Each structure stands twice: as C-alpha cells, then as structure tokens.
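Below you'll find the structure, written out as structure tokens, and then a few comments.
The values are calculated or read from the model by the stated rules, or taken from the named source; none is laboratory data. Source: prediction; values computed, not measured. Reconstructed Cβ throughout: ideal geometry from the backbone, glycine too, with neighbour counts over all protein chains shown. Side chains included, ligands, DNA and RNA excluded: accessible areas come from the protein's heavy atoms. Shrake-Rupley method; radii C 1.70, N 1.55, O 1.52, S 1.80 Å.
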Amino acid sequence: MDKTVNEQELVEYIGSKTKATPQDIRLVLKHEQAYIDNAHKGAKGDIDIDSDDLVDYVMSRKDVKLDELTVENILDSEMDYLMKKGLAGYMD
C-alpha cells in the first residue's frame with residue numbers, strides 16, 4: 001500500500017470539505033508540519049499531538065489570517081483524509 005500523501009489530492013479534499021483556498025490550506029499545513037517537527041516523539045516513534053495546542057500554534061503565526069474555526073476544519077479534514085488512506089489514527 002502506498003504510504004505517501006499526494007499533496008494536490010489532499011489540498012483538493014480539504015478544499016471540498018472546508019471551502020478554504022488552496023493557498024490557505026497549504027499555509028496551515030506548512031505551520032502544522034513545523035509544529036509536528038518540533039513535537040516530542042514517544043517511545044514507539046509515535047507523535048502525540050494535542051489538537052487544541054496545534055490550532056493555537058497555527059493561529060499564533062503572523063501570516064495566518066484565518067479564523068480559528070477555519071483552521072480547525074482544515075486540520076480535521078486533513079486527519080479524515082489521512083485516516084481514510086490508512087496513514088494516521090487517533091491514540092487512545
């Protein structure tokens with residue numbers, strides 16, 4: 001099974017769910033990646049991300065002019081996409 005993400009497909013999926021522009025989606029995803037890159041990895045290499053902390057981080061970036069609900073919807077739609085592709089899941 002292919003474990004890579006097709007960015008164009010991901011952006012189109014999120015856009016269809018949120019009505020956000022591709023530029024806004026890519027901006028949120030870029031800041032999300034920076035947050036994840038700095039996150040603490042668990043013993044199994046899993047990364048535990050608090051979604052509220054992530055939204056706060058993205059909202060705190062100076063170039064993000066979106067409202068909090070839009071940022072949350074973009075990130076939630078991304079997670080839906082990744083779960084459908086078998087690339088992510090929620091930890092208990």
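Of all residues in region 52-65, those satisfying the criterion of being open to solvent by 30 Å² or more (accessible area, probe 1.4 Å) and at pLDDT 95 or above are ASP56, TYR57, MET59, SER60, ARG61, LYS62, ASP63, LYS65.
Would you please name the residue that is modelled with the lowest pLDDT, looking only at residues in region 19-51 that are outside any loop (DSSP other than H, G, I, E, B) and under 15 Å from LEU82 (Cβ atoms)?
This residue is ILE47.
Looking only at residues in region 52-72 that are of a type outside the set (A, V, I, L, M) and assigned to a helix (DSSP H, G or I), the one that is nearest to the chain's Cα centre (by Cα) is GLU72.
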